[in-house]
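Following: one structure in structure tokens, then a few remarks.
The values are calculated or read from the model by the stated rules, or taken from the named source; none is laboratory data. Computed from a prediction, not measured in an experiment: that's the story for all the values here. Cβ atoms come from the backbone with ideal geometry, glycine included; neighbour counts cover every protein chain shown.
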Amino acid sequence: MTSAETKFSRRQALAMLGGVGATAFSFSTPAIAQRSAGRVVVVGGGFGGATAARYLKRGNPNLNVTLLDPARRFYTCPFTNLHFGGLRTFEQQGHGFDDLRRIGVQIVHERANDVDAKGKTVTLSGGRKLPYDRLVLSPGIDFRWGALEGYDQAAAELAPHAWQAGPQTVLLKKQLEAMEDGGLFILVAPDNPFRCPPGPYERASMVAHYLKTRKPKSKLLILDAKDNFSKQGLFQDGWKKFYADIIEWVPRSKDGKVAKVDAKAREVETEFGKKHKAAVLNVVPPQKAGFIAERAGVTNAGGWVPVKPQTFESAQVADVYVVGDATIAAPMPKSGFCANAQGKVAAAAIVASLAGREAPRASWANTCYSLIAPNYGISVAGVYEVADGKIVEIKGGGVSPREASDEFRKLEAEYGVGWYNAITQDTWGSKPA
Amino acid sequence: MSKFNTQNRVPCGLSPSIATMLGFALTLIAVQPVAAQSPSDITTLAGSCANCHGTDGRSPGPIVSIAGRPETLLLSQLKAFKSDTPPPGTTIMNRIAKGYTDEQIGALAKHFAAISANEPTKKRRK
Ligand SMILES: Cc1cc2nc3c(=O)[nH]c(=O)nc-3n(C[C@H](O)[C@H](O)[C@H](O)COP(=O)(O)OP(=O)(O)OC[C@H]3O[C@@H](n4cnc5c(N)ncnc54)[C@H](O)[C@@H]3O)c2cc1C
């Protein structure tokens, strides 16, 4: 209640300074605000944004919710690794926005180019300005082009990252299929933090499965900027079991950190000057929050977004909520599951704040399945809450047992598919494809 | 953590007015400062379940649906997951269930039991 009052008086003050448009003015008396549901603009139709839009409408059907994404169809990164493994088509990862339209979300296929946090408007790529009462940003990641020497946008056309699903996924798959038997596939893994901590290692597993079944003389080298990684023991057990002759992992301490990329030659050079030449070069570059977060003034010096844990409102700019990979939410990982969970928490907080109520207490979970081979899945789980103003992981959670039966691994592979079906239903309203 | 344990004594899902009638609110005020407290909301807690069990607990895939199952069944299942001897065949729910208090588990069981199993997208609150 008190926070709502502060907001209204702030608006009134702004109105007196003449800094507020007519629409915002109509919200400047609490009596009207109580009856009017409000306008929310959501930037990004991925895991965080589409979920926030859906749960805003569920929380209050009278809200005016607009979702922006230039893409007419969203392709998930989750399960693209299975596509590289030959286990799914690319199209199986595609999701449309019709179900969100059906529940009353307005979908606009434009990019948000700018945010005016004072005037509370978003400028679209078409030039239009959309006013908002609350803004949600879930733009995912952008790459720090050039932070890894030699790796810029042009280089990514030769040595794909495939760390955003779409043309990059298609390109890497094509290169993999065109590769001769006996070739070397190099995967360059980044330092923390980055999107999907187990992602590079699931990718290695699935590419290795493809090589084992189609190009058995080939090898896969992981050059890593880290000395340890998510679910490491489980991955390494699986690699020993399935891909002992194919996968080699080189940690940073063994000169695994790549310092320079020559995309044309498909060659990389490590910190200590060792050169490796690949037949297919897959570089996962250093990352930051999507550019619109910077435009909105919500990023910190490191390029990521600090948030108030209880609501995922920006710690720097009022009425701008940020969810998903763009945020600093550790110990929660940058996962689709977490982006979805954060989208729900932000939606509930926004519904409450527009109604002049306090946000409900936040609670999140994460489950992340990785597939090492067909019928061989592993997982990590966590439950999170806010304590002493910080996000903390509650006791429990953790990874699948090291010693587990084949039946157990098979179930986790199956539940991985179940997870994908459920979360894509919950986010875009999709049916299993 | 201690802060939360105190608040967790208020059963999730009870509206503030009911809590007042039951005298919980008084206890809360007596136990701790009013500031920094947010109301519990079962839908927020239940939100995470949807990511594997489907929206509102209606699963579209190989994971079981939990919507419309008898409360006692959901409760005993969750308690078994949380115990040191989870039911045979458990893969991940033992790890997840440990992250919730008994009160939260009780509220979740009640919540999903109250949702009809099949009804597509009829409006339903609480
Ligand atoms: C190979 C791989 C495997 C993965 N596997 C898993 C997994 O198994 N499980 C899991 O939980 N997670 C997985 N992830 C992680 C998951 O993909 C991300 O955590 C998730 O996508 C984050 O959601 P988000 O909403 O932050 O961003 P995204 O899902 O990337 O959505 C961002 C959207 O915003 C749009 N956008 C950006 N800027 C603008 C703008 N200015 N205007 C309008 N629209 C904009 C983009 O077009 C995009 O559609 C994986 C990732 C990778 C790379």
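Take the residues of the range A:325-341 that are within 14 Å of another protein chain (Cβ to nearest Cβ) and not hydrophobic (A, V, I, L, M, F, W, C): which is farthest from the ligand (Cβ to nearest atom)? By that ranking, first place goes to A:Pro331. Is it the case that A:Val188 is under 22 Å from A:Val268 (Cα atoms) and either in the same structural domain as A:Asp69 (by TED's automatic domain parsing) or not in a loop (DSSP other than H, G, I, E, B) (or both)? Criteria met by A:Val188. Within the range A:59-105, the set of residues being within 11 Å of the ligand (Cβ to nearest atom) and farther than 26 Å from B:Gly47 by Cβ comprises A:Pro70, A:Arg72, A:Asn81, A:Leu82, A:His83, A:Phe84. Residues in the range B:41-90 that are facing chain A (nearest Cβ under 7 Å), of a type in the set (A, V, I, L, M, F, W, C) and assigned to a helix (DSSP H, G or I): B:Leu45, B:Ala50, B:Cys52.
Of the residues A:Ala381, A:Ala318, A:Ala387, A:Ala355, which is over 21 Å from the mean Cα position of the chain (by Cα), at negative phi and facing chain B (nearest Cβ under 7 Å)?
Going through A:Ala381, A:Ala318, A:Ala387, A:Ala355 in turn, the sole match is A:Ala387.
For A:Thr270, are the conditions met, namely being more than 14 Å from chain B (Cβ to nearest Cβ), hydroxyl-bearing (Ser, Thr, Tyr) and within 16 Å of the ligand (Cβ to nearest atom)? Considered against the rule, which asks whether it is more than 14 Å from chain B (Cβ to nearest Cβ), hydroxyl-bearing (Ser, Thr, Tyr) and within 16 Å of the ligand (Cβ to nearest atom), A:Thr270 comes out as no.
When A:Val170, A:Val188 are screened for being over 18 Å from A:Phe90 (Cβ atoms) and either more than 12 Å from the ligand (Cβ to nearest atom) or of a type in the set (A, V, I, L, M, F, W, C) (or both), only A:Val188 passes.
Applying the criterion of being within 22 Å of the chain's Cα centre (by Cα) and not in a loop (DSSP other than H, G, I, E, B) to the residues of the range A:58-69, the residue that is farthest from A:Ile350 (Cα to Cα) is A:Leu68. Here the range A:343-352 is the region considered, the condition is being facing chain B (nearest Cβ under 10 Å) and buried (at least 24 other Cβ atoms within 10 Å of the Cβ), and the residue that is nearest to the ligand (Cβ to nearest atom) is A:Gly343. Does A:Glu403 satisfy being farther than 22 Å from A:Phe74 by Cβ, more than 9 Å from every other protein chain (Cβ to nearest Cβ) and free of Cβ contacts under 8 Å to residues at least 24 places away in the same chain? It is true that A:Glu403 is farther than 22 Å from A:Phe74 by Cβ, more than 9 Å from every other protein chain (Cβ to nearest Cβ) and free of Cβ contacts under 8 Å to residues at least 24 places away in the same chain.
Does at least one position in the range A:164-178 carry a residue that is out of contact with any strand residue (DSSP E or B) (no Cβ under 8 Å at 6 or more places or on another chain), part of a loop (DSSP other than H, G, I, E, B), of a type in the set (Asp, Glu) and surrounded by fewer than 18 Cβ atoms within 10 Å (Cβ to Cβ)? No, the range A:164-178 contains no residue that is out of contact with any strand residue (DSSP E or B) (no Cβ under 8 Å at 6 or more places or on another chain), part of a loop (DSSP other than H, G, I, E, B), of a type in the set (Asp, Glu) and surrounded by fewer than 18 Cβ atoms within 10 Å (Cβ to Cβ).
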